[in-house]
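To start, the structure under review is shown below, and the notes come after it.
The values are calculated or read from the model by the stated rules, or taken from the named source; none is laboratory data. Just so you know, these numbers come straight off a predicted model, no measurement behind them. A quick note on method: Cβ atoms are made from the backbone with ideal geometry, for glycine too, and the neighbour counts reach across all protein chains shown. For the accessible areas, the whole protein counts, side chains as well, though only heavy atoms, and no ligand, DNA or RNA atoms are used. Shrake-Rupley method; radii C 1.70, N 1.55, O 1.52, S 1.80 Å.
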Amino acid sequence: MNNGRLAAAVLSVLAAPLIISCGKQPEPQAETPALSIDPLITRATEVNFEEGDRIGVAITFADGSSYVENAPLTYADGVFSGELKWYEDSAESSSLKACYPYDGTGFPQSFEVGADQRDGAGAYDLMMAAKEQVRPQEAAVTMAFRHQLSQIVVNVKNEAGISIDEITLRGLLYRCVLSDDGTEYLPDASAGTRDFIMEQTVRGEKFRAIVAPQTMAFAVGVRTASGAAVVKDFTEITMKPGYTYRIEAEVLADGVRFSLSGEIDAWEDGGTIEPDENPDPDPEEDFEEHEGYFIYRGETYNTVTLKDGRTWMAENLRMIPSGLTPSDDMTNLTAGIYYPVVLNEEKTAAVQTRDESVIKSNGYLYQVETALGLAVGELKTEEQARSLSGARGVCPPGWHVPTVEELHALVGKIATYDKGINTDAPYFDATSQNARMDFINADGFNVGAYGAFTVQTNTSTSASLMGYLKTYPSEIASGYICGSSFSSLSETDGVITNFQFWSLLPMKSQGTINGAKQSYRIAAPVRCVKD
């Protein structure tokens, strides 16, 4: 660090008030803001930050000089914060790097994974986050933390009813070392191997352990409550950082049968976390379809075949596309994906939430371009918009975002649609002249009103939240569900300011689910239809 920056760093942390005995009082100086970090562990469930967790933070300038190398920040109220203040030059950018867990000696040059993980594998999690081109700011800096280690999960199907007491992974590397460029941890074969006793996440049914990323042959040992033991050797596999590897163990009367599925999805605890060398994994390798449900990028979704003859998702999508980060900033109008909407505690307004249980039940909100597989701002022409009908977009392989024809066949009523009302649609009610939400939910669609992140046109400067209705204060009253068929566009002085697409419009306050037009920058849930 040069002398000027050193002085600024010292003053920012240790500054004390000066007593002025005479002369003109100095102009008050704006206080240098404290640095705080808003951590994102995508779709974290079992491994998440808790109150009191600490990280180490390093800040480096473009010329390679360091502002701080390992400042501790503590997690409280959803952010990491502490005594560290930003440097004074708000125009100068820097790079941030953070490491969890905090080590007072600095970012650990090596990391050892504990052998006995029965009390919780999460104690041995190792995560890093990095962000470039950051400048001093009052708001917390959002940083995505990536798992540096691998996870093995053993699922037990117990046909014989024999109690499983313990499962061990035998002969795996346990130490990793920081790479020369400081961006990842690599396996250290020189330290040798050890056996790992797995954590039971569901007693007798599901076990997990965190291990160093590596390419190794290893064995799995199963011990029953009676003391009987079975050991299975597995051939060499490669385990990447941030990925889960699943072993299926079937307990039979005459022994235990094993199968190793290999790399099956991104870490369940961390959602879609791709390895650095493969930021866009092939979705074909991340999708398993079953009767009544599918697994897509580590998330399980129920499906249902409705009276229209088509198979639909029976819950909203929760997948975060590669390179995107969910937002709840009302001025960030091109994030592509946003956190879901709920009513505030007073039930007087719609607000966004990062609550994991709400994300699980309601999914994320996707701008139409994102839902249809485009980058926000990529849609330019009517011809391009018309070509998107039936696009796969963010859906799994073999599925797509619903077309207007599919919406019309499902609910029958679509406002201003030139084909009129389809009275043959299975969920259209002739008495009310609307599609009934209770009709479709009785068949397992499980749809509700989820609100929306509303951006009227591509010239808007801020968003609003759809869903609160004063006369219906008990829950979110309305929303959209994205469709893929173009309906119309708007222009100002020959410049396109808005595209609209046909979508579903659930109205919980009225008990209806009809079709409507949705502006393309509005973010709403996605439900895919099987091809």
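With only Lys, Arg, Asp and Glu charged, each at its Cβ (+1 for the first two, -1 for the last two), find how big the charge dipole of the stretch 285-349 is about the Cα centre; round to the nearest 20 debye.
240 debye
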In the chain the accessible area split gives carbon plus sulfur, as whole percent at 1.4 Å, a share of 48 percent
Given Cβ point charges of +1 (Lys, Arg) and -1 (Asp, Glu) and nothing else, what value in debye, to the nearest 20, does the dipole of the chain about its Cα centre take? 1040 debye
Listed residue (Gln456, Pro506, Ala249) projecting farthest to the positive dipole end of the chain, Cβ model: Pro506
Solvent-accessible area per residue for the stretch 324-461 at a 1.4 Å probe radius, Å²? 42 Å²
Using unit Cβ charges (K, R positive; D, E negative) and no other charged atoms, how large, in debye to the nearest 20, is the dipole of the stretch 375-453 about its Cα centre? 120 debye
Most to least packed among 518-531, 441-454, 148-161 [average Cβ atoms within 10 Å]: 518-531, 441-454, 148-161
With T = 25 °C, eta = 0.890 mPa s and Kirkwood Rh from C-alpha pairs, the Stokes-Einstein D of the stretch 373-531 in µm²/s is about 151 µm²/s
Ranking Tyr296, Ile320, Tyr339 by how far each Cα lies towards the positive end of the charge dipole of the stretch 294-342 (+1 on Lys and Arg Cβ, -1 on Asp and Glu Cβ), the top one is Tyr296
If you find the alpha carbon centre of the stretch 156-187 and of the stretch 464-531, how far apart are they in angstrom? 46 Å
For the table Lys307/Lys419; Lys97/Lys240; Lys380/Lys413; Lys360/Lys470, the rows whose alpha-carbon distance is greater than 23 Å are Lys380/Lys413; Lys360/Lys470
Radius of gyration and Dmax for the stretch 44-193's Cα atoms, expressed in Å? 18.8, 68
